[in-house]
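Student: Supplied in structure tokens, the structure appears directly below.
FYI, it's all coordinate maths here, none of it is from the lab. Note that this is a predicted model, so its numbers are computed, not measured. Here the Cβ positions follow ideal geometry from the backbone for every residue, glycine too, while neighbour counts run over all protein chains shown.
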Amino acid sequence: MSDVAVRNAAAIDGRSLRDIGFAAGIVAILSLFFLPMPAVMIDIGLAFSIALSVLILMVALWIERPLDFSAFPTVLLVVTMLRLALNIATTRLILSHGSEGLTAAGYIIGGFSRLVMSGDFVIGLIVFAILITVNFVVITKGATRIAEVGARFTLDAIPGKQMAIDADLSAGMIDDSEARRRRRELEEESSFFGSMDGASKFVRGDAIAGLIILAVNIFGGIVIGVTRHDMPLSAAADVFTKLSVGDGLVSQIPALIVSLSAALLVSKGGNKGATQVAVLDQLVKYPRALYVAAALMFVMALVPGLPILPFAGLGATLAFVGYIVPRRLAKEQEAASAKAAEAEQQAQKESVKDSIKSPELELCLGKQLAARLLVEHNELAARIAKMRRKFARQYGFVVPEIRLSDSLAIPARSYQIKIHGTVVASHELRLDELLVVLGDRGKPDLPCDEVREPAFGMKAVWVSQAFASELKRRGFTPIDTGSVLLTHVSEIIRNNLAQLLSYKDMRALLDRLGPEYRRLIDDICPSQISFSGLQAVLKLLLSERVSIRNLHLILEAVAEIAPHVRRAEHVAEHVRMRMAQQICGDLSDGGILRVLRLGTKWDLAFHQSLKRDSKGDVVEFDLDPTMVEEFGAQASTAIRERMDQGHPFVLVAAPEARPYVRMVVERLFPTLPVLSHLEIARGVEIEALGSIA
């Protein structure tokens, strides 16, 4: 026989032995109803009853949820039967051998009678009556009511919970195995609370049976002692009452413990976790309540006639708990949050799915640069957050978070700026030097290396940090490494705003609008323009650095033109005309808009290159390549001449030719705004800088 078969056979034998042992135990309990038992066996049975009741109480305290002790109704029935069987056995001993003394029914009953009654059976009767009252009137009655209500509500909620499980399964939120697990848990919950409703009656019946057995033992014992053993009435009353009350106490203490266990179990409700953890956590969760209770204890300590020490000690304890426990809980919560974040981050690193995702914006640093800048991670992160807030205010949407990383694949002092995983810019920095942008000034008479500034391509020099004060004295503005890096990142983001506006971002912007504009969106989308078409319009605006912060004005302009045109380019041109005031306001310098015109020659050339359909709409741009080269050369000369003057300006073209002029100019000057004559708002002061001719 193989090892696996041997192990399986051993497991089956073990289960069979447990089944046989449990059945034998039930039979032994039933035999106590009929067969006489010696006092020694009674002592063992009573000790086992007390131990079993304590075990049940501890399990009821430490389980996470009531269903974890779903066998409690069965256990309660077995324990009740054991206690009643022991009561019958002790009754038989008390009535048959009670005349022999207090140990006639065993040492446990005799010991309890001496310990609790202090030699006076009246005290025992009073204590027994109190125990019966506490068990029957207080604990058992309350637990029974809770069990009844819990069973009723649980059964009433089954159809709704079943429908919720079916809905989640139909929606694909859970699979078949999870649905089966939830249905099984629902069945167990309904069965458990239904069983607890009936099991609570065992405890009530046990308390009533205890009273009857006590009365039978006392009166029957007195009659037997007087008539059969010729005992005086007083002596018979004393002995049999002590034995009967001792027997009642020994049986009622386990009954009280089991009743308490049942009450704890049914009153646990929806609280998860061990009972003491749930109760203590909720009691100390509110420090103000602890402080008020402590203050009340101190006031009670000062009342004349009351002892100072107990109230003052309790007040100090409550105040200490109110001070220390919330701080401990806050530290534990912070540690748990950090641990969860670390685990989530580690899971993301190890996830295969995450490995194919590329961040929308990523700044990848070489090792030396990372060692310098990432040490100051908090400062760098704060500056990046400030930059993102500036973009949000300026352009009307929140650019994605910038992921910081380091890599050995790039030079140690270089960095790369990636958008959707593609490198769009890179540069090398000098860690212990400062960058000085020269502009139209000559380079300083100091040791330096001439370079191009990465963000705008302007002439600049790297100078050692030792000459920082000298540079400032001479009127230069030295720029630190971090500022150079963030300026480059800012300019790259500004040049790629259209790529960074995702469909999700656009829907979030639309959802933040008021109800009136949401109704406007419902009117035009998707009947006149699709959401993706609306996103294309916003992308066209952002590609030319036109802010979409006034989204309600953009939607109004789209609603005007969308019924008549379909192409996103035509819609965007109409929106630009409607937003002329904003565009001119953003591009003007000190209230003055400086413009550079195309000139008559190029106005005519671009006009003649536009091919139209039968409706008069522009469908093609056809300009001779030599003319494009000539225009590029003349435009480059004129634009650079104005740029050297250091003032911002715009290029102005005819409305229909504007997109195509922009298409040619952006290859040479990506940041130069190109406006049409219709996009110059009324009331704007214009300064003409000349023309390209």
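Student: Compute the Kirkwood hydrodynamic radius of the stretch 403-532, taking the inverse of the mean of 1/r over all pairs of distinct Cα atoms, and give it in Å to one decimal.
Tutor: Working: mean 1/r = 0.0550 Å⁻¹.
The Cα-based Kirkwood calculation yields 18.2 Å.
Student: Ok, one more. So how far apart, in nm, are the two label points at Ser532 and Ala316 if each is 7 Å from Cα heading toward Cβ?
Tutor: A separation of 7.5 nm, rounded to one decimal place.
Student: How do 249-259, 20-30 rank on mean C-beta neighbours within 10 Å, highest first? Present the calculation step by step, with values, prior to reporting the outcome.
Tutor: Numbers: 249-259: 24.3, 20-30: 11.5.
Result, highest mean first: 249-259, 20-30.
Student: Something else: Mean shadow of the stretch 583-693, computed from the convex hull of its alpha carbons, in nm²?
Tutor: Over all viewing directions, the stretch 583-693 projects a mean Cα-hull area of 7.2 nm².
Student: Give the Kirkwood hydrodynamic radius (Å, one decimal) of the stretch 444-514, defined as one over the mean of 1/r across all pairs of different Cα atoms. Let's see the in-between values first.
Tutor: Values: mean 1/r = 0.0658 Å⁻¹.
About 15.2 Å for the stretch 444-514.
Student: Now, a different point. Given R₀ = 35 Å, what would the calculated FRET efficiency be for Leu510 paired with Ala167, taking r from the Cβ atoms and rounding to 0.05? Show your work: numbers first, answer last.
Tutor: On the way: r = 29 Å, r/R0 = 0.82.
That pair, Leu510 with Ala167, gives E of 0.75.
Student: Using Cα-only point scatterers and the Debye equation, what is log10 of I(q)/I(0) for the stretch 503-578 at each q in 0.12, 0.13, 0.21, 0.28 Å⁻¹, rounded to two decimals?
Tutor: The calculated log intensity ratios at q = 0.12, 0.13, 0.21, 0.28 Å⁻¹ are -0.27, -0.32, -0.89, -1.71.
Student: Could you sort 619-626, 546-553, 238-245 so that the peptide with the highest average Cβ count within 10 Å comes first and the rest follow in order?
Tutor: 238-245, 546-553, 619-626
Student: Pairs of Cα atoms under 8 Å, at least six residues apart: use those to get the relative contact order of the stretch 583-693, whole percent. Walk me through the intermediate numbers first.
Tutor: Working: 148 pairs, mean separation 50.2, N = 111.
Relative contact order for the stretch 583-693 comes out at 45 percent.
Student: Which of the peptides 634-644, 496-506, 656-666 is most tightly packed, and how do the rest follow, judged by the mean count of other Cβ atoms within 10 Å per residue?
Tutor: Details: 634-644: 15.1, 496-506: 17.0, 656-666: 18.5.
Packing order, densest peptide first, comes out as 656-666, 496-506, 634-644.
Student: Where Lys and Arg each count +1 and Asp and Glu each count -1, what net charge lies around Gln608 among other residues with Cβ under 15 Å from its Cβ?
Tutor: Numbers: positive: Lys601, Lys611, Arg612; negative: Asp603, Glu620, Asp622, Asp624, Glu630, Glu656.
The answer is -3.
Student: So what does the Cα-only Debye profile of the stretch 417-461 read at q = 0.13 Å⁻¹, as log10 I(q)/I(0), no solvent term?
Tutor: -0.37
Student: Hey, if you drop one equal point scatterer on each alpha-carbon of the stretch 537-608 and run the Debye formula without solvent, what base-10 log of I(q)/I(0) do you get at q = 0.18, 0.19, 0.22 Å⁻¹?
Tutor: The computed values of log10 I(q)/I(0) come out as -0.83, -0.88, -1.00.
Student: To one decimal place, what orientation-averaged projected area in nm² is obtained for the convex hull of the Cα set of the stretch 377-444?
Tutor: It is 7.2 nm².
Student: Over the alpha-carbon set of the stretch 284-335, work out the extent along each principal axis and list the three values in angstrom, largest first.
Tutor: Reported extents, whole Å, longest axis first: 48, 15, 9.
Student: Which entries in Lys390/Lys443; Lys331/Lys390; Lys367/Lys418; Lys390/Lys418 show an alpha-carbon gap greater than 27 Å? All intermediate terms of the calculation are to be shown ahead of the outcome.
Tutor: Values: Lys390/Lys443 32 Å; Lys331/Lys390 35 Å; Lys367/Lys418 17 Å; Lys390/Lys418 20 Å.
Listed pairs above 27 Å: Lys390/Lys443; Lys331/Lys390.
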